[in-house]
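The values are calculated or read from the model by the stated rules, or taken from the named source; none is laboratory data. This structure is a prediction, so every number in the text was calculated from the model and none was measured. Cβ sites come from the backbone with ideal geometry, for glycine too, and all protein chains shown count toward neighbours. All accessible areas refer to the heavy atoms of the entire protein, side chains included, with ligands and DNA or RNA removed. Shrake-Rupley method; radii C 1.70, N 1.55, O 1.52, S 1.80 Å.
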Amino acid sequence: MLEGKNVNLRVAEKEDLPLLSEWFNNPEFAGRYNPLDAQESKTDIEKRYEKLGSEKVWFLILKKDGSRIGYLGMGLVGPYWEIGYVLVSSERGKGYCTEAAQLAVDYLFMSKDIVRIQATTHIENIASQKVLGKAGFQREGRIRKGLFAWGNWADLYLYGILREEWKEPKILKVLEINHRVGY
Ligand SMILES: CC(C)(COP(=O)(O)OP(=O)(O)OC[C@H]1O[C@@H](n2cnc3c(N)ncnc32)[C@H](O)[C@@H]1OP(=O)(O)O)[C@@H](O)C(=O)NCCC(=O)NCCS
């Protein structure tokens, strides 16, 4: 479990799959700036889940009371890690995703020897652009017609954060470990 101030990130377990399946099949969950993904059976979602490994991880975004309010995925794309996230509509606009993205950045830079994390977002998705900006990402460019969403091709902005721009954990609670000889 990755612990922040108001939210935690927990790796998705098998018992989360019914909820994830409900979310992934609900067009309102993805919102209008994400592709209207293929409707997927629980079995197909289970198959995707079984294939996850060290290069692709699904996290649940949890409030401190343990309630599951969203999804954050991360995966290796070429030499970089990329993140993506969605919150249930009733929990948007409360700063939760900003924290979730910060936790993801802290975790990736602390657990992997990588120099860069990236994300893309629909050019009209202001909320997501603010999340990325507050999590330390910079806008690096525009990907023309990079996304087919709701019957139209749309442009994406590419965002990235480099390790030297991150420097130290911003939100992830870091253990204080006493190093003792022989302990
Ligand atoms: C995008 C999303 C993840 C943002 O998460 P969130 O927890 O609501 O974001 P935050 O509360 O941290 O808010 C971020 C900022 O965006 C602003 N914002 C929220 N909704 C907004 C909207 N519809 N239009 C403009 N700004 C908005 C907030 O006021 C906040 O601004 P501030 O930095 O000036 O305070 C969430 O809205 C969502 O799940 N949307 C649908 C799925 C999606 O688009 N995912 C991202 C794909 S790239």
Cβ pairs under 7 Å, 6+ apart, first in segment 20-31 and farther than 14 Å from Trp150 by Cβ, second part of a helix (DSSP H, G or I) and near the ligand (Cβ under 9 Å from one of its atoms): Trp23/Phe29
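Restricting attention to segment 119-141, report how many residues are closer than 16 Å to Glu168 by Cβ and either open to solvent by less than 20 Å² (accessible area, probe 1.4 Å) or within 12 Å of the ligand (Cβ to nearest atom) (or both). So that I can check it myself, show each step before the final result.
Going residue by residue through segment 119-141, those that are closer than 16 Å to Glu168 by Cβ are 135-136.
From what's left, either open to solvent by less than 20 Å² (accessible area, probe 1.4 Å) or within 12 Å of the ligand (Cβ to nearest atom) (or both): 135.
Looking only at that region, the number is 1.
Which residue is farthest from Phe24 (Cα to Cα), if the candidates are limited to segment 92-113 and must be within 7 Å of the ligand (Cβ to nearest atom) and part of a helix (DSSP H, G or I)?
As a first pass, look at segment 92-113 and keep what is within 7 Å of the ligand (Cβ to nearest atom): 92-98.
Filter once more, keeping what is part of a helix (DSSP H, G or I): 96-98.
Working: Tyr96: 19, Cys97: 17, Thr98: 21 Å.
The residue in question is Thr98.
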Helices (runs of 4 or more DSSP H) contained in segment 11-82 and holding at least 2 residues over 17 Å from the mean Cα position of the chain (by Cα) and closer than 21 Å to Asn125 by Cα: 27-30
Looking at (1) in a strand (DSSP E or B); (2) within 14 Å of the ligand (Cβ to nearest atom); (3) surrounded by 18 or more Cβ atoms within 10 Å (Cβ to Cβ), which one does Ile161 not meet, given that it meets all the others? (2)
Per the filter on segment 1-29, residues charged (D, E, K, R) and either surrounded by 14 or more Cβ atoms within 10 Å (Cβ to Cβ) or in contact with a strand residue (DSSP E or B) (Cβ under 9 Å, 6 or more places away or on another chain) (or both) are Glu3, Arg10, Glu13, Asp16
Hey, among Arg144, Arg116, which residue is open to solvent by 90 Å² or more (accessible area, probe 1.4 Å), under 23 Å from Gly78 (Cα atoms) and either among the basic types (Lys, Arg) or more than 14 Å from the ligand (Cβ to nearest atom) (or both)? Arg144
From the option list Lys94, Lys42, Lys64, single residue qualifying as open to solvent by 40 Å² or more (accessible area, probe 1.4 Å), among the basic types (Lys, Arg), under 30 Å from Asn152 (Cβ atoms) and at pLDDT 95 or above is Lys94
